[in-house]
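Student: Shown below is the structure under consideration.
The values are calculated or read from the model by the stated rules, or taken from the named source; none is laboratory data. What you are looking at is a predicted structure, and each value in this text was computed from that prediction instead of being measured. Cβ sites come from the backbone with ideal geometry, for glycine too, and all protein chains shown count toward neighbours. These accessible areas exclude ligands, DNA and RNA; they are computed on the full protein's heavy atoms, side chains included. Shrake-Rupley method; radii C 1.70, N 1.55, O 1.52, S 1.80 Å.
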Amino acid sequence: MHDIKAIRDDATAFVRGLQRRGLDGQAVANDLLEKDKALRELLVRLQNSQARRNEASKLIGQAKAKKDEAQAAALMAEVAGLKDDIQKGEAEQREREETLKNALAVIPNLPADDVPDGADEAANVPMPERAFGTPPGINNAKQHFEIGEALGQMDFERAAKVSGARFVYLKSDLARLERALGAFMLDTHTEQFGYTEVSPPVLVRDQALFGTGQLPKFEEDLFQTSREYMDVENGVFRNSMDRFWLIPTAEVSLTNYVADEILSEAELPIRFTAHTPCFRAEAGSAGRDTRGMIRMHQFSKVELVSITAPEKSNEEHERMTDAAQTILKKLDLAHRVVTLCTGDMGFSAQKTYDIEVWLPGQNAFREISSCSNCGDFQARRMNTRYRPKPYPQHVGFTQPSPGPSPLPINPSPRPVHTLNGSGLAVGRTLVAILENYQQPDGSVAIPDVLVPYMGGKTKIEKPS
RNA sequence: GGACAGGUGGCCGAGUGGUUGAAGGCGCACGCCUGGAAAGUGUGUAACGGUGAAAGCCGUUCGAGGGUUCGAAUCCCUCCCUGUCCGCCA
């Protein structure tokens, strides 16, 4: 959510930012400013009336105390005249505020200055300094689903029977591998990077999804509970009003943890990690990645979320990306990192790094993590602020002035910055391990760091 | 699902019609005290919005909306949320 005051003061950065996203920034700004102006014109009139009413009400009290009934009656008549006006004005105010908010709610974040311009993923910019490893040479590399199905431990057909397309059963060692990966990732992030492990809700309310930016624009990507029930007496289905959404990523639960709060600066940064299932409708993805585990309705992911002071978020973004990459390095999986261009970034992000792992079976790099700095965009939507530390007025002077000490300056609350990243997508990491560690005999070696998590097992093979 | 009880500032918690934006406490900040700290002590400390160069002035906000009233945190209605007990249940 953008700050209308900032746009009012100077719309040039706003207009330019939206243009870089391929939107008609000027038209958007004009529309917003028009709605803003309409609201403020109303406010000036309304507040004058309210001020007069308040003043008159006080005088009525005084007149009555003095038994000046004539004066009181005259004032009451005046207030009665204002009343209707004020009530209509207040209703109009709510309407215009709503109109403005609705318009603001669907405008994406502005790209950071150092984000490359471009229309789509073709314009993303590789970061050679973050690249790791060389793709292994594997003859006749198989795709992960061929490997998994041959092992008898990955079953899409039965999942389709039970749940439909884009679901999977993992069994025995592959099921354990998923669990091992989740535990390994969480351990790394908590022990090595100071994240706090969280087990969050995966069903959330509208407000949470508004906060992180999935609503109101991207409803079609989400699953929601319906709570339909049979009304036996009337023989019809009824839908109760309460409704939850399934999280498409733990970013929603973890980031909204601080919604509607004023944090103290000492609490920052807050770093959360969670391993959760994620649910995505994948509407509009028909025909894309239809085979295998790349694109599922339900998948497992370890998420990283940081809440920071504004001046710390860029640094935190690099740190978070390091944490995500560390997982791949420990697994010795070749990968590269790209900076997403303006046309490929998500709605809430001001800057995003995608980490792409090498998949020999696909002979391609595929996204396995996405780390975004959202700036204050989500914080404004969630109403999350922090109070900067108060400081004495003489800060900056070499000598404290004599006499009574000046009062300290208490800075106003400011929106925090929020960041989120996958650390990593567990399902896709499992895919990467199968394809990169596949052996000619159909078995799959287990990366060294995972061996303890696999009960000492060093390879996965078909049960005899 | 049934029956109750509640929603007040960064937090806890008073407050049942008229300078109450709101006592008190905690927390926090800056002084004093101290060799330094703790303790003690003094002072300060709501958010959001409008207007203004600024100081300031004004408005809104005690879960949300509506109503009664000249005037509502306080009375009435509706809704939302939270808690407790019972029932069911991983």
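Student: Is it fair to say residue A:100 is assigned by TED's automatic domain parsing to the domain that holds residue A:42 and either touching an Asp or Glu at 6+ places or on another chain (Cβ under 6 Å) or surrounded by 16 or more Cβ atoms within 10 Å (Cβ to Cβ) (or both)? Break it down stepwise before answering.
Tutor: On the way: assigned by TED's automatic domain parsing to the domain that holds residue A:42: yes; either touching an Asp or Glu at 6+ places or on another chain (Cβ under 6 Å) or surrounded by 16 or more Cβ atoms within 10 Å (Cβ to Cβ) (or both): yes.
In short, yes.
Student: Now a separate question. Between a first residue in region A:410-424 that is on the phi > 0 side of the Ramachandran plot and a second residue that is at pLDDT 95 or above and surrounded by fewer than 20 Cβ atoms within 10 Å (Cβ to Cβ), which pairs have beta carbons less than 6 Å apart while being 6 or more apart in sequence or on different chains?
Tutor: If the second residue must be at pLDDT 95 or above and surrounded by fewer than 20 Cβ atoms within 10 Å (Cβ to Cβ), no pairs are left.
Student: Quick check on region A:334-369: of everything there that is part of a strand (DSSP E or B) and of a type in the set (Asp, Glu), which residue is least open to solvent (accessible area, probe 1.4 Å)?
Tutor: Here is the first cut: in region A:334-369, the residues part of a strand (DSSP E or B) are A:335-339, A:351-359, A:364-369.
Narrowing further to those that are of a type in the set (Asp, Glu): A:354, A:356, A:367.
Values: A:354: 12, A:356: 28, A:367: 78 Å².
Out of the qualifying residues, it is A:354.
Student: Here is a follow-up. Considering only residues that are open to solvent by 10 Å² or more (accessible area, probe 1.4 Å) and either in contact (Cβ under 8 Å) with a residue 12 or more places away in the chain or not assigned by TED's automatic domain parsing to the domain that holds residue A:303 (or both), which ones fall in region A:428-439? Give the steps one after another, and end with the answer.
Tutor: Restricting attention to region A:428-439, the residues satisfying the condition of being open to solvent by 10 Å² or more (accessible area, probe 1.4 Å) are A:428, A:436-439.
A:428, A:436, A:438, A:439 - these are the residues of region A:428-439 that are open to solvent by 10 Å² or more (accessible area, probe 1.4 Å) and either in contact (Cβ under 8 Å) with a residue 12 or more places away in the chain or not assigned by TED's automatic domain parsing to the domain that holds residue A:303 (or both).
Student: Between a residue in region A:250-269 that is surrounded by fewer than 24 Cβ atoms within 10 Å (Cβ to Cβ) and any residue that is small (Gly, Ala, Ser), which pairs come within a Cβ distance under 8 Å, given they are 6 or more apart or on different chains?
Tutor: A:253/A:208; A:253/A:274; A:259/A:208; A:259/A:211; A:265/A:309; A:268/A:309; A:269/A:306; A:269/A:309
Student: Testing residue A:280 on (1) under 17 Å from the mean Cα position of the chain (by Cα); (2) touching a residue at least 60 places away in the same chain (Cβ under 8 Å); (3) closer than 26 Å to residue A:361 by Cβ, one condition comes back false. Which one is that?
Tutor: Answer for residue A:280: the failing condition is (2).
Student: Moving to a separate point now. Taking residue A:181 and the conditions (1) under 22 Å from residue A:251 (Cα atoms); (2) part of a loop (DSSP other than H, G, I, E, B), which numbered condition does it fall short on, given that it satisfies the others?
Tutor: Failed condition: (2).
Student: Just give me the residues in region A:129-155 being without any contact (Cβ under 8 Å) to a residue 24 or more places away in the chain and not in a loop (DSSP other than H, G, I, E, B), in sequence order.
Tutor: A:129, A:149, A:155, listed by residue number.
Student: Please identify the pairs in which a residue from region A:44-62 that is closer than 19 Å to residue A:94 by Cβ and charged (D, E, K, R) has its Cβ atom under 8 Å from the Cβ atom of a residue that is within 7 Å of RNA strand B (Cβ to nearest atom) and modelled with pLDDT under 85, counting only partners at least 6 apart or on another chain.
Tutor: Short answer, once both residue conditions are applied: A:53/A:79; A:53/A:83.
Student: Look through A:186, A:268, A:263, A:254 and report the one residue that is modelled with pLDDT of 85 or more, within 15 Å of residue A:305 (Cβ to Cβ) and in contact with a His (Cβ under 8 Å, 6 or more places away or on another chain). Even if it seems obvious, please write down each step before you answer.
Tutor: Details: A:268 fails: in contact with a His (Cβ under 8 Å, 6 or more places away or on another chain); A:263 fails: in contact with a His (Cβ under 8 Å, 6 or more places away or on another chain); A:254 fails: in contact with a His (Cβ under 8 Å, 6 or more places away or on another chain).
Of the residues listed, the single one that is modelled with pLDDT of 85 or more, within 15 Å of residue A:305 (Cβ to Cβ) and in contact with a His (Cβ under 8 Å, 6 or more places away or on another chain) is A:186.
Student: Mind listing whichever residues of region A:32-46 are surrounded by 13 or more Cβ atoms within 10 Å (Cβ to Cβ) and more than 10 Å from RNA strand B (Cβ to nearest atom)?
Tutor: A:32, A:33, A:35, A:38
Student: Taking region A:60-72, which residues are assigned to a helix (DSSP H, G or I) and open to solvent by 60 Å² or more (accessible area, probe 1.4 Å)? If you could, list the steps in order and put the result at the bottom.
Tutor: In the first step, residues of region A:60-72 are kept if they are assigned to a helix (DSSP H, G or I); the result is A:60-65, A:69-72.
If the condition is that a residue be assigned to a helix (DSSP H, G or I) and open to solvent by 60 Å² or more (accessible area, probe 1.4 Å), then A:62, A:64, A:65, A:69, A:70, A:71 are the ones that fit.
Student: Next question. Give the residues of region A:407-446 that are under 22 Å from residue A:169 (Cα atoms) and either within 16 Å of RNA strand B (Cβ to nearest atom) or in a loop (DSSP other than H, G, I, E, B) (or both), sorted by residue number. Don't jump to the end; show me each part of the working.
Tutor: Filtering region A:407-446 for residues under 22 Å from residue A:169 (Cα atoms) gives A:424-438, A:442-446.
Those that are under 22 Å from residue A:169 (Cα atoms) and either within 16 Å of RNA strand B (Cβ to nearest atom) or in a loop (DSSP other than H, G, I, E, B) (or both): A:437, A:442, A:443, A:446.
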